[in-house]
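Take a look at the structure set out below.
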Amino acid sequence: MTHDELTRHLVSLDLPASQAGAVFGHLHRWGRPLLTVPRLSARQVQRLQETTQDTVCEVVTEASALAQDGVERDETEKLVFRLVDGRRVEGVIIPEGERSTFCVSSQVGCAMACTFCATARLGLARPLTPAEIVKQVYHARDRAEKAGRPLRNVVFMGMGEPLHHYENTRAAIDILTCRWGLSLGFPKITISTVGLVPRIAQLGADFGGRLQLALSLNAGTDETRRRIMPITEKWNLESLKEALRAYPTRRNRFHLLEYVVLPGVNDDDENLDGVAAFTRGLPAVVNLIPWNPFAGAPFQPPTFEDVGRIFDRLRARGVHVSVRLPRGRPMSAACGQLALQTSAMEAQF
């Protein structure tokens, strides 16, 4: 429950609404049992417990990006979570200096069918509840603190499209940013989307542009994007640009345009010209992401030289551009690789 929902729930049980902050803090900031909430009697706690239940979202396995076969250790950690129905999702803790970023999942699988993403091959089983999303973050928070790198950022870039079942994502964000709970800063949350135009508008209206928006662009022409991202049939590049123009942005903030580099697919002059045209007039940075391979995919991973050439060609076109270096590849935890081990391990638990 969000803080407002919890307040209404207490009132429905004839419990003091003034205790909503204390109850919320015990659950979300400190993870303490309800019996320790001050100024609630044992009978009141019992009534509250009778109408609630704990969410099952437990870590069942973990893997770290250890040095192997010449690959440098980057200390990225992948967590596999088991849910109440036995399904699994994955999340990734990414150390960044003295802090950590957590890549959280919002669905079991994904319905968007992007051809360069391993999660898409699972299809969509179901959305995660707000509680399941939040609990992933709390597991990551605890692990990051124990490692001496407190959690600073949460990115909705794990399994699933976070704007598909928007209400669940919105509720999870409300809980994570609530001052009675974790009190995560809005600018510390990034929402990555394939481009669900109506939901982009709703996200902007609900949070006033305080959240970082990342659009999975990946092509500069509708023809190329349609081949690798079927959602383009519904919302083309023109409609996406209009959605970004309408999305409220805070001062000195930019839209992130994620561009998975697929050699021979989206690295030609026509696509790069299209990217330059798309960014014109937008406060945006193109983030180049070397495609991370998975079994059976019809693509080749780019070399660092390939990525460097695209970087230079986009910059020559006046595009603000950056590069996201691969993290967690040795354990299939890099961008686009989540769900490889999840499906393989279903029979082990």
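The values are calculated or read from the model by the stated rules, or taken from the named source; none is laboratory data. Worth saying up front: this structure is predicted, and the values here are computed from it rather than measured. Methodologically, a virtual Cβ is constructed for each residue, glycine included, from the backbone with ideal geometry; neighbour enumeration extends over all protein chains shown.
In summary, Arg47 fulfils each of the numbered conditions (1) without any contact (Cβ under 8 Å) to a residue 60 or more places away in the chain; (2) assigned by TED's automatic domain parsing to the domain that holds Glu167 with the single exception of condition (2). Of the candidates Thr101, Thr76, Thr129, Thr115, the single residue that is more than 13 Å from the chain's Cα centre (by Cα), of a type in the set (S, T, N, Q) and buried (at least 19 other Cβ atoms within 10 Å of the Cβ) is Thr76. Among the residues of region 203-234, those identified as within 21 Å of the chain's Cα centre (by Cα) and not aliphatic (A, V, I, L, M) are Gly204, Asp206, Phe207, Gly208, Gly209, Arg210, Gln212, Ser216, Asn218, Pro230, Thr232. Residue-level analysis places Leu10 among those that are assigned to a helix (DSSP H, G or I) and crowded, with 19+ Cβ neighbours inside 10 Å. Entry remark, region 93-113: residues being farther than 15 Å from Ile189 by Cβ and in a loop (DSSP other than H, G, I, E, B) number 6 in total. For first residues located in region 191-211 and over 11 Å from Ala243 (Cβ atoms), partners that are at pLDDT 95 or above and surrounded by fewer than 17 Cβ atoms within 10 Å (Cβ to Cβ) and lie 6+ apart or on another chain with Cβ distances below 6 Å form the pairs Arg210/Phe186; Leu211/Phe186.
In region 149-188, the residue that is farthest from Met112 (Cα to Cα) out of those that are crowded, with 20+ Cβ neighbours inside 10 Å, among the hydrophobic types (A, V, I, L, M, F, W, C) and in contact with a Pro (Cβ under 8 Å, 6 or more places away or on another chain) is Ile175.
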